[in-house]
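Here's the structure, in structure tokens; my notes come after.
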Amino acid sequence: MAFQEIDTVLGAAVKYRLAPTAKRYTLRDNGFTETKGGNFQLIRPLEATPQSKEGFKLKITVDKDIKKIKMSVTTANGLKAVNIFKDSTNDLLQEKFYFLMDGFISRGLFEKV
């Protein structure tokens, strides 16, 4: 999965891009960690209880130039992308995803497209 200027998770209706105000320190302040390649990555659980090791995870990676992103919701082991929007039983996960993204938007990291 390659980096893109505009991206979203599988099945989501809203697309996102990096805000012009996004900087290295803004990413770090919001939980992103720098990888060995210089990119920034965030992995957050989407389950109701963060302590559970099962369920789905939100993975967002920002390239080292802070121009492009890639996003996905994956299985607990992080190997397979899943669509949490195809089934109404995942309403809580969908709500949590949009809540996290709205928080990033309010902090100047992302913009809705």
Show that you can apply the helix-only estimate: for the chain, add -39,500 (n - 2.57) for every DSSP H stretch of four or more residues, divide by all residues, and state [θ] at 222 nm to the nearest 500.
-6000 deg cm²/dmol
Which of T8, T33 comes first, and how do the rest follow, when ranked by fewest Cβ neighbours within 10 Å?
T33, T8
Taking 8 Å as the Cα distance limit and 6 or more residues as the minimum spacing, I'd like the relative contact order of the stretch 44-113 as a percentage.
21 percent
Too long at a 20 Å Cα-Cα cut-off: which of K64/K96; K23/K64; K36/K64; K67/K96?
K64/K96; K67/K96
For the residue pair V113 and A2, what label-to-label distance in nm results when each label sits 7 Å from Cα along the Cα-to-beta-carbon direction?
1.4 nm
Which Rg and Dmax, in Å, describe the Cα atoms of the chain?
13.4, 38
Stretched fully, the stretch from L10 through K67 gains (0.36 nm per residue minus C-alpha distance, one decimal, in nm) 18.4 nm
Under 14 Å from K59, Cα to Cα: aspartates and glutamates that are on another chain or at least 8 residues apart:
D7, E34, E47
Could you pull out which residues in the stretch 3-47 have an amide N less than 12 Å from a spot 7 Å beyond the Cα of L92, following the Cα-Cβ vector?
46-47
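FYI, it's all coordinate maths here, none of it is from the lab. Just so it is clear, the structure is predicted and the values come from calculations on it, not from any experiment. Don't worry about glycine lacking a Cβ; one is built from the backbone with ideal geometry, like all the others, and counts go over all protein chains shown.
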